[in-house]
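What follows is a set of notes on a single structure, which appears directly below.
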Amino acid sequence: MTRLPTYFISHGGGPWPWIPQMRAQFVNLEASLKKMVADLPELPRAVLSISGHWEGDDFAVMAHPNPPMVYDYSGFPPETYKITYPAPGAPDIAARTRDLLAAAGLPTHLDTVQGYDHGTFVPLYIMFPEANVPVYQISLNRNYSPAEHLAMGRALAPLRDEGVMIVGSGLSYHNLRLFGPGAKVPSEAFDAWLDEALQEAPEARTQSLLDWESAPYARVCHKEEDHFVPIFAALGAAEGEAATRIYHDVGLMGGVTASSYQFG
């Protein structure tokens, strides 16, 4: 199969595709997610999501054949807690993934219980609305170590030649207490730093990302880095390849600047 790119996407807020007012706000994000699929050379064998909404003590690999739904948001309309995304899981590829991680010396295990969190089913609903591509996830390690998550991405690189679309799903800005006008300056500054860092030569780029806490407003934009750490998986799996910004929005939720990237 053709080698597939990897991605770091800003997945938007909550169950936005099912809420008309929110969907209108994320129209550019929706267009970018659809274009990701339209630009693929072929339909993926599976999608691997590394979401900011699942973390544990190691790199757990989802192995449920028909993953259930995880409604990990609050305060939304009742119907958004009945959403289903019936894409099948990928237990065989999950086992292969576990083996790649273990061979790299990374702590891992198969998880046969975990379901799709909204960092996965929300963008996938837009990308593959027919739910006709198997989907599985890997958890973040809650230590949030950039180096370990980069190593995780490096270990996953062979999957790109096996038809697996690797998607790090988070947000380039994620401070739940600072949306609206107060987000404008920090998110713009951090976004500009991120774009500049990702255009550096590969070795310098990797080092810049590993040192992300020195970026402007880094800890304002990411009080906790759960929504930023997925970028290391996407980068590690395509470390020597070019980064292209595939989504950019300004003024979201009253002030947020956000971006998504393709590697390779």
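The table below gives the values:
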{"quantity": "Accessible solvent surface per residue of the chain, calculated while the other protein chains remain in place, 1.4 angstrom probe, Å²", "calculated": "39"}
{"quantity": "Apportionment of accessible area to carbon and sulfur, the chain, percent (1.4 Å)", "calculated": "54"}
{"quantity": "Extension gain, residue 214 back to residue 72 (0.36 nm per residue minus Cα-Cα distance, nm)", "calculated": "48.1 nm"}
{"quantity": "DSSP loop trypsin sites (Lys or Arg not before Pro) with at most 16 other Cβ within 10 Å: longest gap in the chain", "calculated": "83-141"}
{"quantity": "Net charge, residue 8 excluded, C-beta distance under 14 Å - Lys, Arg +1, Asp, Glu -1", "calculated": "-4"}
{"quantity": "Those lysines that a straight Cα-Cα span of less than 30 Å connects to residue 35, excepting residues fewer than 8 apart in one chain", "calculated": "82, 184"}
{"quantity": "Total charge dipole magnitude, the chain, about the Cα centre, Cβ charges on Lys, Arg, Asp, Glu only, Debye to nearest 20", "calculated": "480"}
{"quantity": "Candidates per GluC sites (Glu not before Pro) in the range 129-202, loop by DSSP, up to 13 other Cβ within 10 Å", "calculated": "130"}
{"quantity": "Those GluC sites (Glu not before Pro) in the range 28-74 that DSSP places in a loop and that have at most 13 other beta carbons within 10 Å", "calculated": "42"}
{"quantity": "Over 28 Å [Cα-Cα, the chain], rounded percent", "calculated": "27"}
{"quantity": "Computed label-point distance, nm, for sites residue 39 and residue 22 using a 7 Å Cα→Cβ extension", "calculated": "2.6"}
{"quantity": "Additional length obtainable on full extension of the chain from residue 244 to residue 203, 0.36 nm per residue less Cα span", "calculated": "13.1 nm"}
{"quantity": "Theoretical ellipticity at 222 nm over the chain - DSSP helices of four or more residues, -39500 (n - 2.57) apiece, nearest 500", "calculated": "-9500 deg cm²/dmol"}
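The values are calculated or read from the model by the stated rules, or taken from the named source; none is laboratory data. Just so it is clear, the model here is predicted, and its values are computed rather than measured. Every residue, glycine among them, receives a Cβ derived from its backbone with ideal geometry; neighbour counts consider all protein chains shown. Protein only, heavy atoms only, side chains kept; ligands, DNA and RNA dropped before computing areas. Shrake-Rupley method; radii C 1.70, N 1.55, O 1.52, S 1.80 Å.
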